[in-house]
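Here, each number is a calculation from the coordinates, and none is a lab measurement. These figures come from a predicted structure and were not determined experimentally.
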Amino acid sequence: MKRRWWFLVCMVALGLMLGGTQGNWESLAGTANLTRQNIQLPAAVHYPLPPSLAEIPIKGEDYFDAVQPLEVGYLLWTQFPVTVAIEPPPWDPNQVWQAAAKQAVVEWSAYLPLEIVDASLPANIRLLSQRPTDQNNRRARFAETSYELFVDSQGVLRHRCRVMVRPTQAAKFVLAALRHELGHALGIWGHSPLPTDALYFAQVADPPPISQRDVNTLRRVYEQPTRLGQRLPELTPHG
Ligand SMILES: [Zn+2]
């Protein structure tokens, strides 16, 4: 039986909601809408921790309880380096947005191997300088991360992420948003309750760097099982 190239429809938007004057940007928007077309998902497996995460001493707490597992398991990358393509705005005279995007990648690179690739190439994560489209006509979003599941040519279940951050903000907020959204794209699919974490659910006046709690949480995510990176079971033709 011919394996069909298919897509699981999945757009979970972790939208940064810009609501009110305070700039309360965050709330989880949307739910996983996994369309299974008689598809049998592979079993979830544990992967070895990437050395860069394994080396980090665990101290203090985390907010792993706030991270949502999805139907495919935790949204972690199973191949490294994770490639990141940066698509800056067409008009970015001081390269504020672009510099912030690179900076965010560099910051997370301390914990997971990331590689910036040319924007013309396919990438695991795309950082886009766009205003997220607001399909449901809710509040204007400042940033958003979504993922898409697919099966590659080897029959392996994989995902890719799109991060959209609007360029029209002060540099430190653009960086904070990219840092935050990249945290989602790397697997922290949830929000911290504390404003001292990069993955805090709201925008703060003085955005914090990646915290120990962020890193502890990321590490716990990568200790979890996932179906991603596994081959789909062979389909049995019916009839
Ligand atoms: Zn978020």
Using just the C-alpha positions of segment 87-239 as equal point scatterers, what log10 of I(q)/I(0) does the Debye formula give at each q in 0.11, 0.17 1/Å?
-0.48, -1.04
Any chance you could list P(r) for segment 181-239, counting all Cα-Cα pairs in 10 angstrom bins from zero, rounded to whole %?
20, 40, 17, 12, 8, 3, 0
